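Every number in this text was worked out from the coordinates using simple rules, so none of it is lab data. Every value quoted in this text rests on a predicted model; they were computed, and no experiment measured them. Here the Cβ is made from the backbone with ideal geometry for all residues, glycine too, and neighbour counts use every protein chain on show.
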Amino acid sequence: MFNKVILAGNLARDIEIRYLPSGTAVATTAIATNRRYKAADGTQKDETMFIDLTFWGRTAEIANQYLKKGSQVLVEGRLTLEQWTATDGSKRSKHAIAVETLQMLGSRDQSAGMSDSYAPAKASEQSMETKQSSVEHTIIPEIDINDDEIPF
């Protein structure tokens with residue numbers, strides 16, 4: 001089986017971090033992503049989705065340190081199903097993304113000196129100071145294409 005999700009968007013709320021008794025950091029937030037499509041009547045419509053994100057370990061600490069509501073990010077991870085019992089006794093569940101790789105997008109002014117990307121495996125290889133000085137910023141241009149211009 002294959003379970004991989006890649007999302008780009010803006011954080012919908014500030015990072016909330018906590019630590020497990022084992023000392024592992026867990027951070028939660030949500031990402032807002034947009035989809036533009038053409039409705040049956042030919043009008044352009046926008047759809048916004050809000051998806052919960054969970055960061056673990058050093059990635060959670062990096063996210064808490066450098067990200068805030070509105071930050072542009074690209075996350076890669078796996079879809080998870082969280083289940084719990086509410087205080088009224090009803091069973092609840094929701095889907096969330098367990099983030100494995102975090103890439104911070106946007107200009108240096110927006111990011112206030114944050115590194116451009118962070119993957120857990122890279123943390124032990126480089127200190128944050130070295131990583132910040134060696135990162136090249138990639139600006140992703142926004143492309144406004146009408147659906148009628150796409151050949152398929």
### Task
At 0.36 nm per residue, minus the direct Cα-Cα distance, what do L74 and T48 gain on full extension? Give it in nm, one decimal, please.
7.8 nm
### Query
What number comes out for the charge environment of D52, summing +1 per Lys or Arg and -1 per Asp or Glu over other residues with Cβ under 12 Å away?
0
### In order through the stretch 64-69: 3J(HN,Hα) via Karplus (6.51 cos²θ - 1.76 cosθ + 1.60), integer Hz, x for Gly, Pro
5, 6, 10, 10, 8, 3
### Query
Fewest to most neighbouring Cβ within 10 Å: what's the order for W56, W84?
W84, W56
